[in-house]
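Accompanying notes for the structure given below.
No lab work stands behind these numbers, since they all come straight from the coordinates. A quick note: this is a predicted structure, and the numbers were derived from the prediction, not measured. Note that each Cβ is placed from the backbone with ideal geometry, even for glycine, and that neighbours are counted across all protein chains shown.
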Amino acid sequence: MKRIKVLIADSNHLLKEDHIDGLSQSEGVEIVGITDTAHKLFELIGMRKPEIVLIDTGLHDGGDAHILTEILNIFPRVRCIAMVRDTVLEYNSFESIAAGAAGLLVNDTTPNELLDSIKIVHEGGAILSPKIVPAFFEEFKGLVRKKYKKVKEIESK
């Protein structure tokens, strides 16, 4: 069985040792690198050719959404899963989605959930942590309301 190549970029220790150990021991995943800086991340992606990048959205040297955008512009075949702290959930969630993240997971994701999420994203799917879903729906409802309000304004003219 082909193993999924995963690169980890995490400067805030969102992925705990049991996550990394669990991935390392999984037959379906090969960790091809771990870094704690955005600068090193780009170098490792180029050298190690991961299929999935687990990225801490709070990397000390620029882990916000523009890093995701750059990764996907330079390496379009790479799929990214953003790891967010539940204390900054809403902002990072929507910024990461807009930047092209295929998955959003919070820091309390279990090792099994992480492995399942990697497989889903690798197969072309997308994943949201259950903690993110309520905020996501609220934002989505707000966008839909704005859209329909504009449509009604145009129709009434």
Exercise for review: Identify all lysines with a Cα-Cα distance to Lys131 below 22 Å; exclude those on the same chain that are fewer than 8 residues away in sequence.
Suggested key: Lys16, Lys119, Lys141
**Study point:** Options [x] 46, 40, 35; [y] 61, 31, 29; [z] 48, 45, 32 - which one matches Cα extents along the principal axes in Å as calculated here
**Key:** [y]
Study note, to complete from the structure: Counted neighbours (other Cβ, 10 Å), sorted fewest up, put Phe94, Phe137 in the order Phe137, Phe94
Practice item. Pull up the cross-link candidates among the aspartates and glutamates for Lys40, meaning alpha carbon to alpha carbon under 18 Å and not fewer than 8 places away within one chain. Key: Asp10, Glu51, Asp56, Asp61, Asp64, Glu70
Check your understanding: What aspartates and glutamates could a cross-link reach from Lys146, if we take a straight Cα to Cα line under 18 Å and drop same-chain neighbours fewer than 8 places away?
Key -> Glu138, Glu155
Practice item. Taking the Cβ of Ser156 as the centre, find all other residues whose Cβ is under 13 Å away and add up their charges (Lys, Arg: +1; Asp, Glu: -1). Key: +2
